[in-house]
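Contents: one structure, followed by commentary.
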Amino acid sequence: MSTIVPTSEEDPALAVVRFTSELAWADAGPEVAEPQVTRECIEAQDCMLSLRWLDLASLMLTSADLVVSRVSDKDLECIFTVICNLVTRASSLDEALEMAKLISAKVALQPNDRPALRLKILFNLYNLLENPYSRFFVYTKALDLAANGKVIENIIPSFKKIDSLLQEWNIGKVDQRDLFLTISNILKDNKSMAKDSFNFLNKYLATFSSEDEDSYATNETKEEAVRAIIEFVKSPDMFQCDLLDLPAVAQLEKDEKHALVYQLLKIFLTERLDAYVNFHTANSSLLKGYGLVHEDCMTKMRLITLVDLSSNDSGEVPYSVIKEALQIMEDEVEYWVVKAITSKLLDCKMNQMNQTVIVSRHVDRVFGPAQWRALQSKLGVWR
């Protein structure tokens, strides 16, 4: 965060007004420029004397806007540091919020012009604000600027602290919902962050409760629920999620347009390979339409099926059962077991003499009441 160090008796705000005004009128000649500079300085002084900080901020932003293209990065940062510091003089939190809205709107107006610097200015403003909601508002503008200015790498680190930030901001469900969706959309085009995008999309969908039917029964929410399903199915390293438990997703089951997509999710979370093969036979064009590759889906479903086979009480699975369920050749069984181990889906040993796989741990696709009961039973045995 930048710090203002007064170097003269003139107030920094008045010095910025004089500097930007002189620069803006420099080409008009002294006869025109001097009266204009004097007029703006007097207007600024009047605002300061009458404690009209919002009006002063508006005046300074107008002057600054005229010279943005003519000043260096250092000067631009200094100008906006002084403007941002006006929020600390506001007579109320509401006035500070209005000033923050004015400043952030002006800073984010041209996202392709020095976007990293503009983002730095917004975070400087953020740190000067006392009101948690004002901080949240500026953060959302920073998100928009980062996305539009293509400098998302500068804001991605803050996503890791989003839970603590939410506690600080204390915002309502609707604001949280919009925030999660915005972050998910920012990340969705970054292949290396596909899982993070999915997690924030999942958080967005989780904000809708069964009592919010009017709010989640919209085309936008349905489309986002479909996107979450497709992202889960498409991901080669996601095998567990709670989408089936979310009302915003469950509504698709009876939706004329999206019922098949919901059925696909149900197959990947509760059924085995044979169910997927039957679904693909009947709906291959649907899968292609969503960009799903059949071979990739087969691979994922084979691993999921192997995990499901491992969930029996004995923890012992014959090779012959794996061969039949995965629809593979006998000599491919060990390959798929090793693949499941390397994917961290299973901890097991292969008994080649008895042609069995002895499973000590497996990952559950969903973790609901049934899984809690099983865990309770195991803990009882261990005790």
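The values are calculated or read from the model by the stated rules, or taken from the named source; none is laboratory data. Keep in mind that this is a model prediction, so the values were computed, not measured. No Cβ is skipped: glycine too gets one built from the backbone with ideal geometry, and neighbour counts run over all protein chains shown. Each accessible area value is taken on the protein alone, full model and side chains, heavy atoms only, with ligands, DNA and RNA left out. Shrake-Rupley method; radii C 1.70, N 1.55, O 1.52, S 1.80 Å.
Residues checked against (1) modelled with pLDDT of 95 or more; (2) of a type in the set (A, V, I, L, M); (3) more than 20 Å from residue 48 (Cβ to Cβ):
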| residue | (1), (2), (3) |
| --- | --- |
| 86 | yes, yes, no |
| 100 | yes, yes, no |
| 108 | no, yes, yes |
| 115 | yes, no, yes |
| 133 | yes, no, yes |
| 141 | yes, no, yes |
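Within the stretch 284-300, track down each residue that is open to solvent by less than 50 Å² (accessible area, probe 1.4 Å) and in a helix (DSSP H, G or I). First the steps, then the outcome.
Residues of the stretch 284-300 that are open to solvent by less than 50 Å² (accessible area, probe 1.4 Å), as a first pass: 284, 286-287, 291-292, 297-300.
Passing the criteria: 284, 286, 287, 297, 298, 299, 300.
When you look at residue 237, is it part of a loop (DSSP other than H, G, I, E, B), open to solvent by 50 Å² or more (accessible area, probe 1.4 Å) and either modelled with pLDDT under 90 or in the same structural domain as residue 302 (by the TED database) (or both), yes or no?
Against the criterion (part of a loop (DSSP other than H, G, I, E, B), open to solvent by 50 Å² or more (accessible area, probe 1.4 Å) and either modelled with pLDDT under 90 or in the same structural domain as residue 302 (by the TED database) (or both)), residue 237 does not qualify.
Restricting to the stretch 338-363, name every residue that is of a type in the set (D, E, K, R) and under 20 Å from residue 304 (Cβ atoms).
339, 344, 347, 361
Considering (1) open to solvent by 80 Å² or more (accessible area, probe 1.4 Å); (2) closer than 20 Å to residue 201 by Cβ; (3) assigned to a helix (DSSP H, G or I), say which one residue 324 fails and leave the rest.
(2)
Can you tell me which of 244, 201, 260 is in a helix (DSSP H, G or I) and in contact with a Ser or Thr (Cβ under 7 Å, 6 or more places away or on another chain)?
201
Scan the stretch 283-297 and report the pairs whose first residue is more than 13 Å from residue 265 (Cβ to Cβ) and of a type in the set (Lys, Arg) and whose second residue is open to solvent by 40 Å² or more (accessible area, probe 1.4 Å) and assigned to a helix (DSSP H, G or I), with Cβ atoms within less than 9 Å and a gap of 6+ or a chain change.
Matching pairs, first to second residue: 288/294.
Considering each of 231, 253 in turn, give the residue that is within 17 Å of the chain's Cα centre (by Cα), open to solvent by 40 Å² or more (accessible area, probe 1.4 Å) and within 30 Å of residue 175 (Cα to Cα).
Going through 231, 253 in turn, the sole match is 231.
Quick check on the stretch 87-102. Is at least one of its residues open to solvent by less than 40 Å² (accessible area, probe 1.4 Å), under 23 Å from residue 58 (Cα atoms) and in contact with a Gly (Cβ under 9 Å, 6 or more places away or on another chain)?
no
So which residues in the stretch 33-80 are open to solvent by less than 10 Å² (accessible area, probe 1.4 Å) and of a type in the set (Gly, Ala, Ser)?
44, 57, 63, 64, listed by residue number.
Of the residues that make up the stretch 9-32, is at least one among the polar types (S, T, N, Q) and open to solvent by 40 Å² or more (accessible area, probe 1.4 Å)?
No, there is no match, as no residue in the stretch 9-32 is among the polar types (S, T, N, Q) and open to solvent by 40 Å² or more (accessible area, probe 1.4 Å).
Of all residues in the stretch 108-139 being touching a helix residue (DSSP H, G or I) at 6+ places or on another chain (Cβ under 6 Å) and hydroxyl-bearing (Ser, Thr, Tyr), which is nearest to residue 167 (Cα to Cα)?
Once the filter is applied, the top-ranked residue is 134.
Would you pick out the residues in the stretch 103-122 that are assigned to a helix (DSSP H, G or I) and in contact (Cβ under 8 Å) with a residue 24 or more places away in the chain?
103, 104, 105, 106, 107, 115, 116, 117, 118, 119, 120, 121
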